[in-house]
Structures are given as C-alpha cells and as structure tokens.
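Since the structure comes first, as structure tokens, the remarks are kept for the end.
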Amino acid sequence: MPTPASGYAAPSADAPLEPFSFSRRDPGPRDVAIDILFCGVCHSDVHTARSEWSGTLYPCVPGHEIVGRVRAVGGEVTRFAPGDAVGVGCMVDSCRECASCRDGEEQYCTGSGFVGTYNGPDPAMGGHTFGGYADHVVVDQDFVLRVGHDEAELAAVAPLLCAGITTYSPLRHWKVGPGQRVGVVGLGGLGHMGVKIAAAMGAEVVVFTTSPGKKQDALRLGAADAVVSKDADAMAAQEGSFDFVLNTVAAPLDLDLYLRLLKRDGTMVLVGVPAEPHQSPDVGNLVFRRRALAGSLIGGVRETQEMLDFCRERGITSDIELIPMDGINEAYDRMVRSDVKYRFVIDMGTLPGADGATVR
Ligand code: NAP
Ligand code: ZN
Ligand code: ZN
C-alpha cells in the first residue's frame, strides 16, 4: 500500500504553487524512507515549475536539496538506520550500467538517463517523480547521502545537495587550487557556494556581480575582490588574469565579457542554464588565447558525499533565509529579481502532514 504524502505543487506553468496530496511507494528492500526536515530552493525549481525549459510534467512538486531524517529502511539496507540525518540531491536513480554510471558520474548516464528527484519517470508509482517540497520521500539507498554536520546546521546544509555539488564538481574537475585566480560570475545560490568552496580549495576568488550591494558580502564569503560587471573600466582592468571562471548566471549573457577575463589556456565553465540561449561567443576570443568554454552538470553520488565531507571538515554551510512552505511563491519572485541572500530553504515543519500532524 502506498503511503499518503503531502507537499506543494505547481498545477501548471503559470499558476502559483499550492498544497498537494499524493502517494509515495512503501519502502522496498533497498529503499530508505526519509522524513524531510528542510528543502533548499534552487533556480532550477523555478525554471521547471514555470516550464521555462519546456517538458515539465504537472502537477510538479519541485525540490532537490533535501535534508531529512531516516524514518524506516528496507531489509537489504546496510548503510542507513532510522534516526540518521541524510540528504538527497538532484537524482534518485540511473541505469547503473553505462560507462558514466560505472565511473560514478551518474548525472551523465547515457543508458536510461538519470532519474531526476522531480519531473523524472517513476516506474514504482507510475507517472513522474515528485521532489522535496513534501513531508517525506522514499529513495534507493545508493542515492542517499550521509550528513555529518551538527544538528543545528541541517537547514544550512540542504543547499549543498545541489548548489554545493554543482560548484564543487567543476572546481575539482578543473583542479582549482592554491596559486590560481578564480572568477565567480553571479552571487546567488550557486555563486555563493562557489566562492566558499573555491576559497577553501586555496584559490584567490573574485566575484563578478550585477548587484553593487553584494560586494561586501562577497568579501565576507571569502572573495579577495568583487567587481560590478556593468562597470566597463573595472572589467577591463581584470582582463587576462584568471585561470578559471565559474559562470552561474541564470540569464542570457554576453559571454565574451567573461571569456576576456581568462589567461591563455584558461577555462570558463557554464553551470547556469538560462531559458533563452546566450549569444554565440566571438571565436577570436577563444582561439587567440587557447581559451576553453565548457559546461558541467551537478556531480555524481560519490563526489556529492566527498563534497559534504569536505564542507563538514571545513565548517562550510550555505547562507540561508529560512521560509515557511506557504512563502514559496514570494521566494520564487524574489529569486528571479536576484534578491536572495543567498539561498531560500523551506522549513518543512511548516507543512501540515498528510494526517494533519507536522513531520517533526
Ligand atoms: P540564483 O540564486 O537566482 O543566482 C543567479 C545569480 O545570477 C543572481 O543572483 C545574479 O547574481 C545573477 N544574475 C541573474 N540575472 C542576471 C543577469 N541578467 N545578468 C547577469 N547576472 C545575473 O540561481 P541559482 O540557483 O544559483 O542557479 C543559477 C543557474 O544555475 C540556474 O539557471 C539554474 O537552473 C542553474 N543550475 C545548474 C545546475 C547544473 O548542474 N549545471 C545545477 C543547479 C542549478 P548577481 O546579483 O550577483 O549578479
Ligand atoms: Zn538545483
Ligand atoms: Zn547509466
């Protein structure tokens, strides 16, 4: 018998999110049932709820920055026990057989493709998966992460499950470290984690922001400098001085403005996925300095655990604004206006449970 669940869903692309009742599968032998304590609000939630990337299945329950507590485990589950603090990120399954899955890079699964925590196929229940804006979730143990941070930090850990790994993975892949200058473009959810993590890896970090009011915060978060990208003279002064640029912006951009920041052989990685394409960059900007333009998608399960452990050891969490579940529509509007410092996190204790009780 499936278990009743309650959450918040977008009923269509142009309607606000509203309370929604649905069902989760009962835990199978390899499953972990998790009472959700906190769920971060990613800009991808907004893109999906509003079908800005098209292909959204409704009703849509977003949420892929989940932290909760294990309620029950199936008979074959060995790594988790009731009461454990755990996390779930952007994926809940993958084919497990293709080269990417065997390499632990399930996000690049070329078999069936990874199963998104929301808006993915759900063979157990039929239809599509529902995400973390909900009282509980049931996930295969192979896609559940251990959370070792202090209890008091659990809300601020939730954004690590997407914003943290999406910035950690390219910083690791391109071997960012001491002696390097790293630019972070856009100081939002991803960007502020990128600053903290790149600084912890030993790089000198400079933030490029459209919001002059965020400059002081950039320095507090660990940046050595912050530049307002609309200031042409300030941008020109930074040209040719970066080894690596992490671009987190969720809107179409003049990429040349940021490619010019790179030294010879530098790389700019795009992690932002705007609904409308960027203008094609100037080829000369790339070939005359052997610069590279690349992209990166979240991170695999093994690397997500590595990132959580890295952050725990260094005392890194997200800077959050805790909101009640019914504050989600206002939070979306503020996020679109770049008015977020620096991640909204939903307190799931504010969501009435399926039986009228709260989940804590
Ligand atoms: P966010 O919190 O809204 O941050 C985006 C930041 O970009 C804003 O705070 C703003 O920072 C800057 N920005 C916004 N509009 C801009 C514009 N028109 N021009 C220049 N800068 C602008 O969003 P997020 O949650 O960090 O997500 C960012 C993007 O990454 C989204 O597209 C999301 O879907 C995507 N994403 C990708 C992955 C992946 O695996 N690749 C994973 C998660 C999210 P300033 O005020 O500092 O300018
Ligand atoms: Zn996300
Ligand atoms: Zn695969």
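Things to note:
- Boolean, ALA85 is more than 16 Å from ligand 2 (Cβ to nearest atom) and either hydrophobic (A, V, I, L, M, F, W, C) or buried (at least 24 other Cβ atoms within 10 Å of the Cβ) (or both): yes
- Candidates in the range 142-160 are the residues that are in contact with a helix residue (DSSP H, G or I) (Cβ under 7 Å, 6 or more places away or on another chain) and within 14 Å of ligand 1 (Cβ to nearest atom); of these, the one that is farthest from PHE38 (Cα to Cα) is LEU160.
- Condition broken by ASN119, with the remaining ones in (1) part of a loop (DSSP other than H, G, I, E, B); (2) more than 16 Å from ligand 2 (Cβ to nearest atom); (3) of a type outside the set (Val, Ile, Thr) satisfied: (2)
- Evaluated against (1) closer than 18 Å to PRO27 by Cα; (2) over 16 Å from the mean Cα position of the chain (by Cα), ARG146 falls short on exactly one condition, (1).
- The criterion of at least 3 residues that are touching a helix residue (DSSP H, G or I) at 6+ places or on another chain (Cβ under 6 Å) is met by the following helices (runs of 4 or more DSSP H) wholly inside the range 253-356: 301-314.
- Selection of the range 11-34 for residues being buried (at least 19 other Cβ atoms within 10 Å of the Cβ) and over 30 Å from PRO277 (Cα atoms) yields ARG24, PRO27, ASP31, VAL32, ALA33, ILE34.
- Set ARG290, ARG264: member being out of contact with any strand residue (DSSP E or B) (no Cβ under 8 Å at 6 or more places or on another chain), more than 16 Å from ligand 3 (Cβ to nearest atom) and of a type in the set (Lys, Arg): ARG264
FYI, it's all coordinate maths here, none of it is from the lab. Given the structure is predicted, the values throughout are model-derived calculations rather than measurements. Positions of Cβ are backbone-derived with ideal geometry, glycine not excepted, and every protein chain shown enters the neighbour counts.
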